[in-house]
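Here the structure is laid out as structure tokens; the discussion comes afterwards.
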There are 2 protein chains.
Amino acid sequence: MGGGAARYPRDLAAGDGDPWNLGEFIRLQRSLANLSLRQLSELSNVSNAYLSQVERGVYRPSAHVLKSIADALKLSAESVYARAGLLDEEPAQRNVGVEEAIRLDERLSAEQKEALIRVYRSFTTRS
Amino acid sequence: MGGGAARYPRDLAAGDGDPWNLGEFIRLQRSLANLSLRQLSELSNVSNAYLSQVERGVYRPSAHVLKSIADALKLSAESVYARAGLLDEEPAQRNVGVEEAIRLDERLSAEQKEALIRVYRSFTTRS
DNA sequence: CGTCTATGCTTGGTCTACCAAGCGACCTAA
DNA sequence: TTAGGTCGCTTGGTAGACCAAGCATAGACG
């Protein structure tokens, strides 16, 4: 742990690109946390080899790995998912929609949900 | 499209299990939307073969596929991710945290972020 | 009966996410 | 100089996500 940050030919110093793709984003967050690939690897239980490939854009990590990385970097999973294009937008919208709310309600049976949705549609659909 | 819903030995009628695992959940939502495997397949650009396996719990789909399915079923990606165990909890928490907010701010340079975080920590950490 | 269409399921294979092991470059200490 | 440490990166291999094609069943219509 002693060290300062050493500089390497293709090291973090090369972070000139825009951090709009996932790899650059993760690399930036990692550097802001002052973590090496192997340190982040240990924190996230993801191999340093794969982390390197992810940061360089060789592979697109699964959500499971993304979540581990997010936890290790103390980022919310939602933020990282949004960067990965797995979530539509910024975590700002909280519109669920009537139909989805109905379908997700666990106290309703399937038949009750169908009936509710049918009625809801009959109210909202102009024939 | 004419048809009513046909019943098959291991068909939707067998939806007696609790919809707490992802497969059962997707199958339930699909049946509530009155979609066949192939219809959902076309809407989501996921093969019906794979959808069948996902619903039966043979495979755990990637987030990309999950998002496609969520869109096709008109569910929010967050809800489905939560079911898949990819999100920590219900979409109810809106705590971002100061450090994360800093790191995600695009108008700050890396140095500015580091400085801010350092100051923030100096305020919040008891020595 | 036979044929058509729709359903969900199974199979064989391809692609890629992911890891263990190792490499070259760089630094510091003896 | 050599030895030991860390850095990021590359390579070979394995497991599983994912699909195209085909199967079996069931209803509708002739």
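At-a-glance table
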{"read-out": "Two-site FRET efficiency, A:Gln39 against B:Asn48, from Cβ-Cβ distance with R₀ of 51 Å, rounded to 0.05", "value": "0.70"}
{"read-out": "Label-point separation in nm, B:Asp88 to A:Asp88, each point 7 Å along Cα→Cβ", "value": "2.4 nm"}
{"read-out": "Neighbour-count ranking [beta-carbon atoms within 10 angstrom, fewest first] of A:Val46, A:Val58", "value": "A:Val58, A:Val46"}
{"read-out": "Footprinting exposure proxy for A:Leu86, B:Leu66 (fewest neighbouring C-beta atoms within 10 Å first)", "value": "A:Leu86, B:Leu66"}
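Taken together, the values in this text are just the output of simple stated rules run on the coordinates, not laboratory data. Computed from a predicted model, the values in this text were never measured in an experiment. Here the Cβ is made from the backbone with ideal geometry for all residues, glycine too, and neighbour counts use every protein chain on show.
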